[in-house]
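The next block holds one structure in the form of structure tokens; read it before the comments.
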Amino acid sequence: MVPDQKTKLLFAVDGRSRFEPVIPKGYYGNAIVLTYALCSTGELLENPFSFSVGLVDKAIHMVSDSYMRSVIDYFEVTRARPSLAATLLITTWSRLDFHTTDFGWGEPVFSGPVGLPEKEVILFLSHGEDRKSINVFLGMPASAMKVFEELMQI
């Protein structure tokens, strides 16, 4: 990536407490919204890690009742998905209770996606009987795999 190329971190924020009035406890429907941190590659490389953390924090705090309602209205009108060009999508399912779902033959041995929806996706899933371990699923272009293997010393 060139220094002036924009790059985006896309992630979900739980909107239950951000709606006015707050969504009541016990509601099990979807109440998330995607938000993002955006900057140039050069900004990421030139600044300390705290700069990136600040961008993420700012993105989280901009999610409000009006933001949530605006996203819902926009999606209802356009049915458009966010652009994933130059984007890394990170999502965590580690607090979702998939492991407690019983369809009549006991708790699942594994729960998670069959595959990742995009190439640049990171998904966190809880693992183990106590659900205190985390499995990290990485989706990346084939061209990045060799570098990743070297960095991870696999």
task = State the answer as a single residue: which of MET68, CYS39, PHE49 lies farthest towards the positive end of the charge dipole of segment 1-108, with beta carbon charges of +1 for Lys and Arg and -1 for Asp and Glu, about the Cα centre.
result = MET68
task = Starting from the Cα of LYS132, draw a straight line to each of the aspartates and glutamates and keep only those under 13 Å, dropping any in the same chain fewer than 8 residues away.
result = ASP97
note = Summing -39500 (n - 2.57) over every DSSP H run of at least 4 in the chain, dividing by its residue total and rounding to the nearest 500, the 222 nm mean residue ellipticity is -8500 deg cm²/dmol
ask   = With a sphere of radius 12 Å drawn around the Cβ of GLU20, what net charge do the other residues whose Cβ falls strictly inside it have (Lys, Arg +1; Asp, Glu -1)?
value = +2
query = What nm distance separates the two modelled labels at ASP97 and VAL147, each placed 7 Å from Cα along Cα→Cβ?
reply = 4.2 nm
task = Return the lysines within reach of LYS6: Cα separation strictly under 22 angstrom, same-chain partners fewer than 8 residues apart disregarded; answer none if there are no such residues.
result = LYS58, LYS119
key: Under 18 Å from the Cα of LYS146 - aspartates and glutamates, other chains or at least 8 residues apart   = GLU120
query = How far apart, in nm, are two points set 7 Å out from the Cα along the Cα-to-Cβ line at ILE32 and at SER64?
reply = 2.4 nm
query = Which entry in (1) -0.50, -0.92, -1.44; (2) -0.40, -0.75, -1.45; (3) -0.59, -1.06, -1.50 is this structure's computed log10 I(q)/I(0) by the Debye sum over Cα atoms at q = 0.11, 0.15, 0.21 Å⁻¹?
reply = (3)
message = Keeping every protein chain present and rolling a 1.4 Å probe, give me the accessible area per residue for segment 1-41 in Å².
response = 67 Å²
query = Residues with beta-carbon under 10 Å from that of ARG131, excluding ARG131: net charge, scoring Lys, Arg +1 and Asp, Glu -1?
reply = -1
task = May I ask you to compute the full-extension gain from SER52 to VAL136, defined as 0.36 nm times their residue separation minus their alpha-carbon distance, rounded to one decimal in nm?
result = 28.2 nm
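Counting only protein heavy atoms and a 1.4 Å probe, tell me what percentage of the chain's accessible area is made up of carbon and sulfur.
Numbers: 6790 of 11400 Å².
Answer for the chain is 60 percent, counting heavy atoms of protein chains only.
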query = Considering only DSSP beta bridges whose two residues both sit in the chain, what percent are antiparallel, to the nearest 5?
reply = 65 percent
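The values are calculated or read from the model by the stated rules, or taken from the named source; none is laboratory data. Nothing here was measured: the structure is a model prediction, and the numbers come from that model. Positions of Cβ are generated from backbone atoms using ideal geometry, with glycine treated the same way; all protein chains shown enter the neighbour counts. With ligands, DNA and RNA removed, areas are computed over all heavy atoms of the protein, side chains included. Shrake-Rupley method; radii C 1.70, N 1.55, O 1.52, S 1.80 Å.
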